[in-house]
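Every number in this text was worked out from the coordinates using simple rules, so none of it is lab data. This is a predicted model, so every value here is computed, not measured. Neighbour counts are summed over all protein chains in view; Cβ atoms, including those assigned to glycine, are modelled from backbone coordinates with ideal geometry.
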Amino acid sequence: MQISIAYSSNSGEQSWSDLQVEEGANVEQAIQASGILARYPEINLETQKVGIFGKLVKLEQQLQEFDRIEIYRPIIADPKLVPRRKTADASEDD
């Protein structure tokens, strides 16, 4: 069955891979088969979250035809501070 894997690295490089996996394959098996872990050694599946079409899933989640697996980077900024920072930046431009 066909699935895809999406990842955006910390440097902004984006990766999109389409691949064929066996029926009954899970998220972790597809990620391993894709070779993305060799291309992006910073990916750590023990700590990073993964999802399918924006919904968080476990690595054991069984895949369906045409699923898009997304590997999420860790959050590096406090989401509560981001709006304040944007507002402060805008007022400095005045």
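Just from its helices, what would the mean residue ellipticity at 222 nm be for the chain, if runs of 4 or more DSSP H residues each count -39500 (n - 2.57) and the sum is divided by every residue, rounded to the nearest 500 deg cm²/dmol? Please report the intermediate quantities before stating the final value.
Values: 3 runs with 24 residues, N = 94.
When only DSSP H runs of four or more count, the value is -7000 deg cm²/dmol.
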**Request:** Scan region 36-70 for GluC sites (Glu not before Pro) in coil per DSSP, keeping those whose Cβ has at most 12 other Cβ atoms within 10 Å, and list them by number.
**Result:** Glu42, Glu46, Glu60, Glu65
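For the chain, take the alpha-carbon Rg, divide it by the Kirkwood Rh, and send me Rg/Rh.
Values: Rg = 16.6 Å, Rh = 14.8 Å.
Radius of gyration relative to Kirkwood radius: 1.12.
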